[in-house]
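Q: What follows is a single structure, and I will ask about it in a moment.
The values are calculated or read from the model by the stated rules, or taken from the named source; none is laboratory data. These figures come from a predicted structure and were not determined experimentally. So basically every Cβ, Gly included, is an ideal-geometry build from the backbone, and we count neighbours across all protein chains shown. Please note that ligands, DNA and RNA were not included when accessible areas were found on the heavy atoms of the full protein model with its side chains. Shrake-Rupley method; radii C 1.70, N 1.55, O 1.52, S 1.80 Å.
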Amino acid sequence: MDTMTMNFVVRILVAALLGGAIGLEREYRDKAAGFRTHFLVALGSALFMIISAHGFQDALVSPEHRLDVSRIAAQVVSGIGFIGAGTIIFQKNVVRGLTTAASIWVTAAIGLACGAGMYALAAFATLLVLLGLEAFNLFLRRFDAHRGNKLKEKEIED
């Protein structure tokens, strides 16, 4: 395996691992899109980015032709938006699935960053996603506990 191919394999592997980390958190929360979904979205996004940036080099037969590597990345964003929309449910005046849709969307961005070789940016984004998801759950647990104590105090007063 030549060094360029090995570099691409590493990009896809890192994307899959980072996406999988987000997916594990969603899986732990028992959400519809878990490890496998996030793993595949990140891996696929990285692959599309690599193909976009490097897969059409042989198609350039003259200097007049230009390669726009952002076109496939833009289509990944659109396609993931479509998948994310499918995870959003409006039922009994309650919207569910927005966080899952957003996590799939950001996982695609992390995959694109890995595909572009921007490992530090992708890792930092993954850390922020995990921090945001976990910090929000911690906040909700504390808020619910506080609210539960207030309700218990009110019941005792009544």
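Q: Rounded to the nearest 0.05, what FRET efficiency do Asp68 and Leu13 have when you use their Cβ-Cβ distance and R0 = 25 Å?
A: Numbers: r = 27 Å, r/R0 = 1.07.
Working from the Cβ atoms, E equals 0.40.
Q: Where the only charges are on Cβ atoms (+1 Lys, Arg; -1 Asp, Glu), what is the dipole of the stretch 1-81 about its Cα centre, to the nearest 20 debye? Walk me through the intermediate numbers first.
A: Values: 7 positive and 7 negative charges, 57 e Å.
About 280 debye.
Q: Considering only Ser62, Ser78, Ser70, give the residue with the highest GNM mean-square fluctuation for the chain, with springs between Cα atoms whenever their separation is below 10 Å.
A: Ser62
Q: Specify the angular offset, from 0 to 90 degrees and rounded to the nearest 10, of the alpha carbon long axis of helix 35-54 from the longest principal axis of the alpha carbons in the chain.
A: 30 degrees
Q: What's the longest piece of the chain with no exposed trypsin sites (Lys or Arg not before Pro), counting a site as exposed if DSSP puts it in a loop and it has at most 12 other beta carbons within 10 Å? Display every interim value, and only then the final one.
A: On the way: sites that count: Arg66, Lys92.
Free of exposed loop sites, the longest segment is 93-158.
Q: Of the labelled options [x] 47; [y] 51; [z] 31, which one gives percent of Cα pairs over 22 Å apart as computed for this structure?
A: Calculated percent of Cα pairs over 22 Å apart: the matching label is [y].
Q: Between Val95, Val129, Val41, which gets the highest mean-square fluctuation from a Gaussian network model of the chain, Cα cutoff 10 Å?
A: Result for the chain, Cα springs under 10 Å: Val95 fluctuates most.
Q: Taking the Cβ of Gly111 as the centre, find all other residues whose Cβ is under 15 Å away and add up their charges (Lys, Arg: +1; Asp, Glu: -1). Can you show the working numbers first?
A: Working: positive: Arg11, Arg36; negative: none.
Charge balance in the 15 Å sphere: +2.
Q: How long is the gain from Lys92 to Glu27 if the chain were fully straight, where each residue apart is worth 0.36 nm and the alpha carbon distance is subtracted?
A: Numbers: separation 65, 0.36 × 65 = 23.40 nm, distance 2.46 nm.
Contour length minus Cα-Cα distance gives 20.9 nm.
Q: Within the stretch 108-127, whose backbone N sits under 19 Å from a point 7 Å along Cα→Cβ of Leu138?
A: 124-127
Q: Continuing with the same structure: What does the charge count near Ala33 come to, summing +1 for each Lys or Arg and -1 for each Asp or Glu among other residues with Cβ under 13 Å from its Cβ? Could you put the intermediate results ahead of the total?
A: Working: positive: Arg26, Arg29, Lys31, Arg36, Arg96; negative: Glu25, Glu27, Asp30.
Neighbour charge sum, excluding Ala33 itself: +2.
Q: Hey, what's the chain come to in accessible area per residue, 1.4 Å probe, Å²?
A: Working: 10730 Å² over 158 residues.
Accessible area per residue: 68 Å².
Q: Let me ask something else. Just to confirm the number: angle between the C-alpha axis of helix 70-87 and the first principal axis of the chain, 0 to 90 degrees, nearest 10?
A: Here the helix axis deviates by roughly 30 degrees.
Q: Name the most mobile residue of Leu140, Leu18, Leu43, meaning the one with the largest mean-square fluctuation, in a Gaussian network model of the chain with Cα contacts below 10 Å.
A: Per the Cα network of the chain with a 10 Å cutoff, Leu140 tops the list.
Q: Suppose every Lys and Arg Cβ carries +1 and every Asp and Glu Cβ carries -1, with no other charges. What dipole size does the stretch 1-136 come out with about its Cα centre, to the nearest 20 debye?
A: Values: 9 positive and 8 negative charges, 96 e Å.
Result for the stretch 1-136 is approximately 460 debye, rounded to the nearest 20.
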